[in-house]
Each structure stands twice: as C-alpha cells, then as structure tokens.
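Novice: Dropping the structure in here first, questions after.
What follows is calculated from the coordinates using simple rules that are stated; it is not laboratory data. All of these numbers come straight from a predicted model, not from anything done at the bench. Positions of Cβ are generated from backbone atoms using ideal geometry, with glycine treated the same way; all protein chains shown enter the neighbour counts.
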Amino acid sequence: MGDESAIGSARAPSCSDAEAGESPLRKLTRVALNETEGIHLRIRLLNLLIAPLPHFTFNRLRTALYRLAGVSIGPRTLILDGIEMTGPGRIWRRLKIGADCQITAPLYADICAEITIGDAVYIGHHAKLVTTSHRIGPPQQRCGGWQTAPIVIEDGAWIGAGVIILPGVTVGCGAVVAAGAVVTRSVPPNTLVGGVPARHIKDLPTQPDNE
C-alpha cells in the first residue's frame, strides 16, 4: 500500500521540467528554431527580386515571380505591387488567386489559414486579409490563445482600398466592400457593404451587363 500511495502521489513531469533538464545546446537549438520560424527564405528572395520594380510597372514580371515562388495564380491576373505574406510554414501554398484578377497592392496577407481569391476579383491598395485572431482571456490577460479561420473572396467581388477582412469571412460573388471597411462577418453575394464594422448598404443588380 505504501508503494502504491507513493506512486499515486507522484507528479507527472511538465514541459517546464523538461526544459529545466535541457542541455544548453538543445535549448539554444529549440529557441533558434522558434525565433526563425517566420523567416521564409523563399519569400525573402522573392521580395528582393520585386523590390526594384516600381508600382504599376512590370506587372506581368512581378506576377510571374510570385508564381515561381509557389503562389497559385490564374491566367491574366496582375499583381501591381508587393504582397506582404506572413504566417508559419509554407505560406505560399495557402494563398490561391484565380484568373483575371487585379491586386492593386501593397496588400497584407496573414496566411495562418488558407486565403482563396476567386476569378475576376479586384482588390484595392493597402487592403489587409487577416486569418488569425485571439480568444478573449481572463482579466489578467485579455489576449488569450490564438485561433485561425480561412478567408474566401468569391468570383467578381471588389474589395476597396484599405479594407480589412477578418478570419472566417466569405465575401460572396459580385459583392462590393467599400473603402476602409472592417469586415467581421460574411458578405452575401451581390451586395454593397461598408463601415466599421461593415454593414449592408444596398443590394446590387444580379443581371449581367451585356454592353
């Protein structure tokens, strides 16, 4: 009984116990890997190549370089300036841009979750696509654990300059988001939204323009 009691009262080793027993070299390796996770040498090389290209010039070359870096981009799409991409792992695989789009960058893309942009989507300059947020924590630290959700911008949508789209949002086909809006919830197809937070302004025509 005494042995069983001793076993039952033993404390399971914690992460802090494991870290305390680490050798200096192992700890240095762990910290170095953690600190350099977001470097993305491929993206840094891409940024060096596109940095000399002036805004609105060499758009086909810039777009081709993004394709070479591994970003999925459809035909006839143009990227007019740099896209700042952040997130863990192979972030270029989580950004997908369809055909006939125009990205009037600079564009900030937080790609902790997938960002999917459909065909014929136009995005104004200084827009931000953010797939990461935090839970609300207790009083001593309101910024709790982080959580991610994908962003989808469907075919034909128009995202105005300075728009911020938050995690889990889908912007429906043919929708328009007015400049400066903060989009916290999904936007129905063929609607115009604007404001902070973005709210419905009006419905848009659904018949195609034959002119």
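Novice: Explain nothing, just the number: relative contact order of the chain, from Cα pairs under 8 Å at least 6 residues apart, as a whole percent.
Specialist: 10 percent
Novice: Another question about this same structure. Based on Cβ point charges of +1 for Lys and Arg and -1 for Asp and Glu, what charge dipole magnitude is obtained for region 35-140 about its Cα centre, in debye rounded to the nearest 20?
Specialist: It works out to roughly 240 debye.
Novice: Classify region 122-211 from the C-alpha gyration tensor, please: rounded if a/c falls under 1.5, else prolate or oblate depending on whether a/b exceeds b/c.
Specialist: prolate
Novice: Would you calculate, for the chain, the mean residue ellipticity at 222 nm contributed by helices, counting each DSSP H stretch of 4 or more residues as -39,500 (n - 2.57) and dividing by all residues, to the nearest 500?
Specialist: That calculation yields -6000 deg cm²/dmol at 222 nm.
Novice: Around C173, with a cut-off of 12 angstrom between Cβ atoms, what is the net charge of the other residues, counting Lys and Arg +1 and Asp and Glu -1?
Specialist: With Lys, Arg at +1 and Asp, Glu at -1, the neighbours total -3.
Novice: Order of L46, L25 from fewest to most other C-beta atoms within 10 Å?
Specialist: Lowest count first: L25, L46.
Novice: Among [x] 36.3, 126; [y] 22.7, 90; [z] 16.1, 49, find the value of Rg and Dmax of the Cα atoms in Å that was calculated from the structure presented, and write down its label.
Specialist: Correct label is [y].
Novice: Give the residue from G180, G168, A113 lying farthest towards the positive end of the charge dipole for the chain; charges sit on Cβ (+1 for Lys and Arg, -1 for Asp and Glu) and the dipole is referred to the Cα centre.
Specialist: Towards the positive end, the residue furthest out is G180.
Novice: Also, I was wondering about something else. Dipole of the chain, Cα-centred, from +1 at each Lys and Arg C-beta and -1 at each Asp and Glu C-beta, to the nearest 20 debye?
Specialist: In debye, rounded to 20, the chain gives about 380.
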